[in-house]
1. Being within 11 Å of chain B (Cβ to nearest Cβ), touching a Lys or Arg at 6+ places or on another chain (Cβ under 8 Å) and touching a residue at least 40 places away in the same chain (Cβ under 8 Å): is that true of A:PHE88 here?
2. Residues that are in contact with a His (Cβ under 6 Å, 6 or more places away or on another chain) and in a helix (DSSP H, G or I): does region A:185-192 have at least one?
3. Test of understanding: among B:ARG308, B:ARG321, B:ARG339, which residue is in contact with a Phe, Trp or Tyr (Cβ under 7 Å, 6 or more places away or on another chain), surrounded by fewer than 21 Cβ atoms within 10 Å (Cβ to Cβ) and in a loop (DSSP other than H, G, I, E, B)?
4. How many of the residues making up region B:96-138 are more than 21 Å from B:PHE290 (Cα to Cα), of a type in the set (Gly, Ala, Ser), in contact with a strand residue (DSSP E or B) (Cβ under 7 Å, 6 or more places away or on another chain) and not in a loop (DSSP other than H, G, I, E, B)?
5. Could you go through region A:94-106 and let me know if any residue there is closer than 16 Å to B:ARG338 by Cα and not aliphatic (A, V, I, L, M).
6. Kindly indicate whether any position in region B:351-367 is within 20 Å of B:TYR231 (Cβ to Cβ), at the interface with chain A (Cβ under 9 Å from one of its Cβ atoms) and in contact with a Ser or Thr (Cβ under 7 Å, 6 or more places away or on another chain).
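The values are calculated or read from the model by the stated rules, or taken from the named source; none is laboratory data. Because the structure is predicted, anything quoted here is derived from the model rather than measured. Every residue, glycine among them, receives a Cβ derived from its backbone with ideal geometry; neighbour counts consider all protein chains shown.
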Amino acid sequence: MSAHDPIELAAARPDFAAIAAWIPKGASVLDLGCGDGSLLRFLRDTREVRGYGVEISDANIVACIRNGVNVIQGDLDSGLSGFETQAFDYVILSQTLQAIRHTEALVKEILRVGRAGIVSFPNFGYWRNRLKIIRGNMPVSRELPYQWYDTPNVHLCTLHDFEEFCAKQKVQILNRHVMTGGSEVQVLTNLLGSTAVYRFQRGP
Amino acid sequence: MDASDNIGMVSAQRATFDIPLVSRSGAVLPRYELVYETYGTLNADRSNAILVCHALSGNHHIAGYYADEPKNVGWWDNMIGPGKPVDTDRFFVIGINNLGGCHGSTGPSSINPETGKPYGSGFPLITVEDWIESQARLADLLGIEQFAAVLGGSLGGMQAMQWSLSYPERVRNALVIAAAPHLTAENIAFNDVARNAILTDPDFHGGDFYQHNVVPTRGLRLARMLGHITYLSDDAMADKFGRTLRAGKLGFTYDIEFEIESYLRYQGDKFAANFDANTYLLMTKALDYFDPAREYGGNLDKAFAAARANFLVLSFTTDWRFAPERSRAIVQALLHNRRNVSYAELSSAHGHDSFLMQDKHYHEVMRAYLERVAGEFK
């Protein structure tokens, strides 16, 4: 099977499957920090979305083009001024929130350009991360693969942090899906979940 | 040159069109010829054709070399050939010398059959739209209903764009490289200085210098020198020439002293010996006039509403003549029209000329995109 077989990919990237579950067929999607375009390709193959990715890295631009998805090279920290207001059904920020410098501004932009937003990020409150810190080191794991001195991550947060942030920014959380190693976590999510995916819209 | 990946020996072909071409200016060319070259093989359903449009000083000879001129290698040979990003093993690639050119297609230096003399000042101003019209007739002649891709850099990129607007159904992909939706005032200003250099040369004779057996070499040379400065970047010039003096010391004369002076004059002389002054005027005017948004009150979104192609838009970071924000304006208009578009901003030190350079990442992007294009007709 190919690396892009949707079934295989859904198993390897449970956050993709969680995101896809919320997206209706044929929706328009903007994927910020789209990496090699795997998610967009997955959504195109499984949900028939029309979409674009935004990506800064040269290597990923080539990878996106190979994956057959639209990609616009650009820096998320300089805003989404090229995109029209309410141009997309969903704006996705998959495993990129923690690497954004101007988080507040970007979340505002996400909800200007999109009717709803979806973010996924590694939960810094996950017990293994806490344990590493108690032992005296910054966590390095599958979700957080970088050494402290060589990481793009500047704004790591816990589920509590993110939810407080949303409340303060008048962002209404519609759904939450917390996972560890592909399985959904229902209890003590901020302690037992390693990754979270949120769907949100502008608050009332 | 590595001969192994060169397309090898090529030859130009010629097509004659007897149906009058009414140019945008209203002037009529009753008959015209286009020279062109083709590389690779047109497949059975004629779906693998790529048209490569040339820039200001380009022509139809884009790859390979001529039997009698082994050193005359096509101007985009690093991009086009077997196994290259524009892969002639998969695509049928066409290069055309634009109408008004001076490399074989009918232009101001051609003989006007009505007078038996060169057209000179009598040759109409040709616009990008007119070029597309003339190229479409060649496509008809070759039996190509729809191009797999139309591509080009600079003025060539503008033609790729115009193709997607003039003939939306005939272009599956448009690759628009180092281009702009229209020239800025600064760009027109540079073109005007270049034109003035030619127009005020005493040997220009109002465009009819052919009869006087002279060539406005000084004007053409100055025009090219000025143009050349704007195609490079400050950094590229600093790197290549710096303040190096040819004699190693100041000469206290107005002769050539700095390396950059020597380089520019060499480029100017070389160009003036091979290029037609009227063609230069015509090409710069076509650049100035190009502005698909004009008939939509300056609204580029509306101008692109007709486009159906998928787009790849590329810009280069040090290109100040056709800066990245100019390409981003094209991308925005395409996004607003929900067209399929990918955009890459390529790091390069070589300014506007970057689109002609061999750069690993640039060529990777082109290759990746064109592999996708090839996948569409497999």
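1. Values: within 11 Å of chain B (Cβ to nearest Cβ): yes; touching a Lys or Arg at 6+ places or on another chain (Cβ under 8 Å): yes; touching a residue at least 40 places away in the same chain (Cβ under 8 Å): yes.
Yes; evaluated as a whole, the condition is true for this residue.
2. Step one: list which residues in region A:185-192 are in contact with a His (Cβ under 6 Å, 6 or more places away or on another chain), which gives A:190.
Retained after the next criterion (residues that are in a helix (DSSP H, G or I)): A:190.
Among the residues of region A:185-192, at least one is in contact with a His (Cβ under 6 Å, 6 or more places away or on another chain) and in a helix (DSSP H, G or I), which makes the answer yes.
3. Details: B:ARG308 fails: in contact with a Phe, Trp or Tyr (Cβ under 7 Å, 6 or more places away or on another chain); B:ARG321 fails: surrounded by fewer than 21 Cβ atoms within 10 Å (Cβ to Cβ).
It is B:ARG339.
4. 1
5. Our first condition is that a residue be closer than 16 Å to B:ARG338 by Cα; within region A:94-106, this holds for none.
The answer is no, given that none of the residues of region A:94-106 is closer than 16 Å to B:ARG338 by Cα and not aliphatic (A, V, I, L, M).
6. No, the conditions are met nowhere in region B:351-367.
To keep it simple, each residue is scored yes or no on (1) modelled with pLDDT of 95 or more; (2) part of a loop (DSSP other than H, G, I, E, B).
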| residue | (1), (2) |
| --- | --- |
| A:ASP77 | no, no |
| A:LEU80 | no, yes |
| A:GLU84 | no, yes |
| A:VAL91 | yes, no |
| A:ILE133 | yes, no |
| A:PRO145 | no, yes |
| A:ASN175 | yes, no |
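Residues are listed down the side, and each one gets a yes or a no for (1) out of contact with any Lys or Arg (no Cβ under 7 Å at 6 or more places or on another chain); (2) modelled with pLDDT of 95 or more:
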site: A:GLU48; (1), (2): no, yes
site: A:ILE61; (1), (2): yes, yes
site: A:ILE72; (1), (2): yes, yes
site: A:THR96; (1), (2): yes, no
site: A:HIS102; (1), (2): yes, no
site: A:GLY117; (1), (2): yes, yes
site: A:GLY125; (1), (2): yes, yes
